[in-house]
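The values are calculated or read from the model by the stated rules, or taken from the named source; none is laboratory data. Not measured: the values here are computed from a predicted model. All Cβ positions, even for glycine, are placed from backbone atoms using ideal geometry, and neighbour counts span all protein chains on display. These area figures cover heavy atoms from the full protein model, side chains too; ligands, DNA and RNA do not enter into them. Shrake-Rupley method; radii C 1.70, N 1.55, O 1.52, S 1.80 Å.
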Amino acid sequence: PVELSVNLLVREQAYLIVIARDISERVKAEKAQLLRENRVQKQRDALVALAASVHSLEAPLRQITETAARTMGVARASIWRLNDDRSVIRCIDLYDHGTGKHCAGGELSALDFPRYFDASEATDVLAAHEATTDPRTKELTESYLHPNGIRSKLDASIFVDGAADGLLCLEHVQTPRHWTSDEQSFVAALSNLVALALENDERQRIERESNLRNAVMEAVANGIAITDTEGTVEWVNPAYTNLTGYSLEEARGKNQRDLIRSRFHDQSFYQQMWDTITSGLVWQGEITNRRKDGSVYTEWQTITPIRDCSGNVTHYAGIKMDVTERKKLEAEFLQAQKMESVGRLAGGIAHDFNNLLTVITCYSEMVLNALPEDDAMRLDITHVAHAAERAAVLTRQLLAFSRRQVLRPAVITLNSVTSDCTAMLRRLVGEDRPIELREEAAPWSVVADPGQIEQIIMNLVINAHDAMPGGGTIVVESSNIEIDSTIKSRHAEMEPGEYVCLSVSDTGVGMDTATLDQIFEPFFTTKELGKGTGLGLATVYGIVKQSSGHVFVYSELGHGTTVRVYLPRVNTGNADSGSGSSEKRIVHGTETILLVEDETPLRKLAQRILTGAGYTVLPASDGQDALRVARETPGNIHLIVTDVIMPKMGGRELVEQVEVHYPGIKTLFMSGYTDTAVAAQGILAPGVELLGKPFTAARLTQKVRELLDG
């Protein structure tokens, strides 16, 4: 391009003067300026648009890399971030202008490219016009530049919270490119937008985490209290309020010692706690505290020192977990284990003792029958027999406690038992301790042994009588009750449902907590020496548990005691009170009986009784011996009389094998207690006849005759 200047000179002749000037450089400069201004305007527009979108990190980083690549006309634009120890820089977004796709995941190590890392940290903008020869970037040539076809790099440092956090990289391919100052300023401005987006995302992340922590602390089920180093409360969560009764407003500014109001541990306990946390260690332990309403609870507490950035302890965080109910359940479980262990021991003792009592009882009976009515020895033998009877009562109590006695359950109503039983007990307790009977008008039915229910009532009424030395009223009551989740929360072992409740109450001296904790333990008694065996309530406990029921005691010193027995309701069957009879005469017969008993004295005694009653007796010492006797006997065997528990082979297995050769043979089991060989969970199976030890000669022959005739 040229610039022309034309002047007309007129004198005697006319001339045209033309002056031409070359303006190519000026036009070029003007076009370059216009291009630069257009590019700068685009950069400004891009910056404005991006600045409005950096309030979240969902899309801004991709927008920035796309804008950088398109505005600057480069093949690749990427954002890289340093790891925590600044040893590795990783690509979090790379935009390929040619394909229009984004990717991420590459990384560069400071160990492999130390000069590049040093140069990036030394300057805000690294402009490498020829990256493969620039001393700051040429070490990238083989592993990064050449594989990606990169000739020029323009990197701008990203500063987050004043510290270098990464790089914004523009990469030109194929030919070298000279990066202008405007382009360097533009990429620096873009890096600031990246930093703004990252800082904003970090703030949002911190805010989200803070909100989450606050929400967790508000919602967590355990109580949390934040105190200063003196124990003064600064913040508590709602669970703390639910546990202690103190709201945040009530607790803030008060010392924990003032909130507890009562110390349940000695000074050394609290001193050890403070020594631990003041030394910067975490303390954990079980503490008994008092709520705002005065009630006492047990908590498992963890106290953690909170430090500032300098490592100094500034606060303590206490986390409280209410373990009151758990402690109660643990105590109940341990008590149940102890009762079960003692019960097994008691059952074993009673079983062996019953064998001895059977011998004593039967021989006493036989001697009495042989002595003349005027013989002086009859009184002595009678005393022996009576002592054996009292001992048998004691063993029955042991078996009831151990839940190993034979039950003969029936569908009954408690009213059918309480009426007759209380009528008898009124004569026993006397007029100064009247028994008031309150019966359910429409009683539900239960499955229970009527005789065992009578024993429960007898034991409870006698205890009530003894608890009122100055007189008082005993109330025996039966009622229908439905257990819901509210009651279950107080008695965790009870399942919700319908129950029949038998309660016996007195207006006596009552019991303290220490006594209540031991009342079901065998041989524990508060009575004077010689006035109680300590098996009354233990017997009640065993009978109730064997009947799938529950028993609870409520008592306070000076306010009497109430014992409540809950038995599950049954909806089928007809109620029956149950009945039984005992015969005192020896019944005779002529049949053949296979007698199996491992206790030699008892086997010889039973053989003598049955032989004396006219029977042919085939004695055997155990199950295997009995099979041998049965095989060698040529004639018919009409009845097996066998102990339940024996070495080598038990009674049930013996009967099953004998029935192969003698189909339909009748069987009478003998035992001091039952187990799963005869009855499931101590309940006598239908069709199984069992003679409990100790027994009399008359009772043995009577039972044998019933089976043979039956």
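So Glu121 ticks every box in (1) part of a strand (DSSP E or B); (2) open to solvent by 20 Å² or more (accessible area, probe 1.4 Å) but one. Which box is left unticked?
The single condition Glu121 does not satisfy is (1).
Looking at (1) under 18 Å from Leu154 (Cβ atoms); (2) among the hydrophobic types (A, V, I, L, M, F, W, C); (3) out of contact with any Pro (no Cβ under 9 Å at 6 or more places or on another chain); (4) free of Cβ contacts under 8 Å to residues at least 60 places away in the same chain, find the lone condition where Val125 falls short.
It is condition (4) that Val125 fails.
Please verify whether region 171-189 includes one or more residues that are outside any helix (DSSP H, G or I), under 30 Å from Thr141 (Cβ atoms) and of a type in the set (A, V, I, L, M, F, W, C). Break it down into steps so the answer makes sense when it comes.
As a first pass, look at region 171-189 and keep what is outside any helix (DSSP H, G or I): 171-180.
Those left that are additionally under 30 Å from Thr141 (Cβ atoms): 171-180.
Right, trim to of a type in the set (A, V, I, L, M, F, W, C) and you get 173, 179.
Taking every residue of region 171-189 in turn, at least one turns out to be outside any helix (DSSP H, G or I), under 30 Å from Thr141 (Cβ atoms) and of a type in the set (A, V, I, L, M, F, W, C).
Looking only at residues that are under 9 Å from Val596 (Cβ atoms) and among the aliphatic types (A, V, I, L, M) in region 619-634, which one is most open to solvent (accessible area, probe 1.4 Å)? If you could, list the steps in order and put the result at the bottom.
Start the filter on region 619-634 by keeping residues that are under 9 Å from Val596 (Cβ atoms), which leaves 619-623, 625-626, 629.
Of the ones still in play, those that are also among the aliphatic types (A, V, I, L, M) are 620, 626, 629.
Working: Ala620: 1, Ala626: 0, Val629: 19 Å².
That would be Val629.
So Gly166 fits all but one of (1) within 14 Å of Leu61 (Cβ to Cβ); (2) part of a helix (DSSP H, G or I); what number is the exception?
So the condition that Gly166 fails would be (2).
Quick one: which of Thr132, Thr99 is open to solvent by 70 Å² or more (accessible area, probe 1.4 Å) and among the polar types (S, T, N, Q)?
Values: Thr132 fails: open to solvent by 70 Å² or more (accessible area, probe 1.4 Å).
Of Thr132, Thr99, the one residue that is open to solvent by 70 Å² or more (accessible area, probe 1.4 Å) and among the polar types (S, T, N, Q) is Thr99.
Does at least one position in region 195-204 carry a residue that is in contact with an Asp or Glu (Cβ under 9 Å, 6 or more places away or on another chain) and modelled with pLDDT of 85 or more?
Yes, some residue in region 195-204 is in contact with an Asp or Glu (Cβ under 9 Å, 6 or more places away or on another chain) and modelled with pLDDT of 85 or more.
Go through region 546-573 residue by residue and tally those that are farther than 14 Å from Asp449 by Cα, open to solvent by 70 Å² or more (accessible area, probe 1.4 Å) and either at pLDDT below 85 or hydrophobic (A, V, I, L, M, F, W, C) (or both).
6
Does region 230-258 hold any residues that are open to solvent by 50 Å² or more (accessible area, probe 1.4 Å) and closer than 11 Å to Ala317 by Cα, and which are they?
As a first pass, look at region 230-258 and keep what is open to solvent by 50 Å² or more (accessible area, probe 1.4 Å): 230, 234-235, 238, 242, 249-250, 252-254, 257-258.
If the condition is that a residue be open to solvent by 50 Å² or more (accessible area, probe 1.4 Å) and closer than 11 Å to Ala317 by Cα, then Glu234, Trp235 are the ones that fit.
Among the residues in region 183-202, are any in contact (Cβ under 8 Å) with a residue 24 or more places away in the chain, over 30 Å from Ser78 (Cβ atoms) and open to solvent by 50 Å² or more (accessible area, probe 1.4 Å)?
no
Pairs, please: C-beta under 8 Å, at least 6 apart or cross-chain, first residue more than 15 Å from Pro305 (Cα to Cα) and in region 268-283, second open to solvent by 80 Å² or more (accessible area, probe 1.4 Å) and not β-branched (Val, Ile, Thr)?
Correct list of pairs: Tyr270/Arg263.
If I go through region 149-175 residue by residue, how many of them are over 26 Å from Glu202 (Cβ atoms) and surrounded by 16 or more Cβ atoms within 10 Å (Cβ to Cβ)?
So the count comes out to 7.
Whether any residue in region 208-221 is out of contact with any Pro (no Cβ under 9 Å at 6 or more places or on another chain), under 23 Å from Glu286 (Cα atoms) and either at pLDDT 85 or above or of a type in the set (Gly, Ala, Ser) (or both) is what I want to check.
Yes.
What's the number of the condition Glu209 fails, among (1) of a type in the set (Asp, Glu); (2) free of Cβ contacts under 8 Å to residues at least 40 places away in the same chain; (3) touching an Asp or Glu at 6+ places or on another chain (Cβ under 9 Å)?
Among (1) of a type in the set (Asp, Glu); (2) free of Cβ contacts under 8 Å to residues at least 40 places away in the same chain; (3) touching an Asp or Glu at 6+ places or on another chain (Cβ under 9 Å), the lone unmet condition for Glu209 is (3).
Taking the residues in region 397-435 that are open to solvent by 50 Å² or more (accessible area, probe 1.4 Å) and within 44 Å of the chain's Cα centre (by Cα) as candidates, determine which candidate is modelled with the lowest pLDDT.
Let us first name the residues in region 397-435 that are open to solvent by 50 Å² or more (accessible area, probe 1.4 Å), namely 403-404, 408-409, 420, 424, 426-428, 431-432, 434.
Adding the requirement that they be within 44 Å of the chain's Cα centre (by Cα) leaves 403-404, 408-409.
Details: Arg403: 48, Arg404: 52, Arg408: 68, Pro409: 76.
Top of the filtered list is Arg403.
If I filter region 309-323 for residues that are outside any helix (DSSP H, G or I), farther than 30 Å from Gln518 by Cα, without any contact (Cβ under 8 Å) to a residue 12 or more places away in the chain and not polar (S, T, N, Q), do I get at least one hit? Spell out the reasoning first.
Taking region 309-323 first, the residues outside any helix (DSSP H, G or I) are 309-323.
Adding the requirement that they be farther than 30 Å from Gln518 by Cα leaves 309-320.
Imposing the further condition that a residue be without any contact (Cβ under 8 Å) to a residue 12 or more places away in the chain reduces the set to 309-312.
So of that shortlist, the ones also not polar (S, T, N, Q) come out as 309, 311.
Looking through region 309-323, at least one residue is outside any helix (DSSP H, G or I), farther than 30 Å from Gln518 by Cα, without any contact (Cβ under 8 Å) to a residue 12 or more places away in the chain and not polar (S, T, N, Q).
Please verify whether region 225-238 includes one or more residues that are part of a helix (DSSP H, G or I) and modelled with pLDDT under 90.
no
Which residue out of Leu140, Leu126, Leu154, Leu145 is among the hydrophobic types (A, V, I, L, M, F, W, C), over 60 Å from the mean Cα position of the chain (by Cα) and assigned to a helix (DSSP H, G or I)? I'd like the intermediate steps shown before the answer.
On the way: Leu140 fails: over 60 Å from the mean Cα position of the chain (by Cα); Leu126 fails: assigned to a helix (DSSP H, G or I); Leu154 fails: assigned to a helix (DSSP H, G or I).
Exactly one residue qualifies, and that residue is Leu145.
Name the residues in region 287-308 that are open to solvent by 60 Å² or more (accessible area, probe 1.4 Å), more than 14 Å from Asn222 (Cβ to Cβ) and at pLDDT 90 or above, would you?
If the condition is that a residue be open to solvent by 60 Å² or more (accessible area, probe 1.4 Å), more than 14 Å from Asn222 (Cβ to Cβ) and at pLDDT 90 or above, then Ile306, Arg307 are the ones that fit.
Sort through Leu82, Leu61, Leu47, Leu57 and tell me the only one that's at pLDDT below 65, closer than 18 Å to Ala104 by Cβ and surrounded by 14 or more Cβ atoms within 10 Å (Cβ to Cβ).
On the way: Leu82 fails: at pLDDT below 65; Leu61 fails: at pLDDT below 65; Leu47 fails: closer than 18 Å to Ala104 by Cβ.
Residue meeting the stated conditions: Leu57.
Using the structure shown, decide if Ala215 is small (Gly, Ala, Ser), open to solvent by 40 Å² or more (accessible area, probe 1.4 Å), over 15 Å from Leu126 (Cβ atoms) and free of Cβ contacts under 8 Å to residues at least 60 places away in the same chain. Reasoning before the result, please.
Numbers: small (Gly, Ala, Ser): yes; open to solvent by 40 Å² or more (accessible area, probe 1.4 Å): yes; over 15 Å from Leu126 (Cβ atoms): yes; free of Cβ contacts under 8 Å to residues at least 60 places away in the same chain: yes.
Yes.
From the list Leu654, Leu594, pick out the single residue that is surrounded by 22 or more Cβ atoms within 10 Å (Cβ to Cβ), farther than 27 Å from Gln452 by Cβ and either modelled with pLDDT under 90 or among the basic types (Lys, Arg) (or both). If you could, list the steps in order and put the result at the bottom.
Details: Leu594 fails: either modelled with pLDDT under 90 or among the basic types (Lys, Arg) (or both).
Just a single option satisfies the conditions, and that option is Leu654.
Among the residues in region 525-536, are any part of a helix (DSSP H, G or I), over 32 Å from the mean Cα position of the chain (by Cα) and modelled with pLDDT under 85? Explain how you work it out, then say what you get.
Residues of region 525-536 part of a helix (DSSP H, G or I): 536.
With over 32 Å from the mean Cα position of the chain (by Cα) added as a condition, the list becomes 536.
If we keep only those that are modelled with pLDDT under 85 too, we end up with 536.
Looking for residues that are part of a helix (DSSP H, G or I), over 32 Å from the mean Cα position of the chain (by Cα) and modelled with pLDDT under 85, one finds at least one in region 525-536, hence yes.
Could you look through region 309-336, keep only residues that are of a type in the set (A, V, I, L, M, F, W, C) and open to solvent by 50 Å² or more (accessible area, probe 1.4 Å), and pick out the one that is nearest to Lys545 (Cα to Cα)? Talk me through it step by step, then tell me what you get.
Going through region 309-336, the residues of a type in the set (A, V, I, L, M, F, W, C) turn out to be 309, 313, 317, 319, 321, 323, 329, 331, 333-334, 336.
Next, only the ones that are open to solvent by 50 Å² or more (accessible area, probe 1.4 Å) stay: 309, 319, 321, 329, 331, 333-334.
On the way: Cys309: 61, Ile319: 39, Met321: 33, Leu329: 17, Ala331: 18, Phe333: 14, Leu334: 16 Å.
Looking at residues that are of a type in the set (A, V, I, L, M, F, W, C) and open to solvent by 50 Å² or more (accessible area, probe 1.4 Å), I get Phe333.
Leu691 - would you say it is modelled with pLDDT under 85 and under 20 Å from Ala613 (Cα atoms)?
Numbers: modelled with pLDDT under 85: yes; under 20 Å from Ala613 (Cα atoms): yes.
For Leu691, the condition - modelled with pLDDT under 85 and under 20 Å from Ala613 (Cα atoms) - is met.
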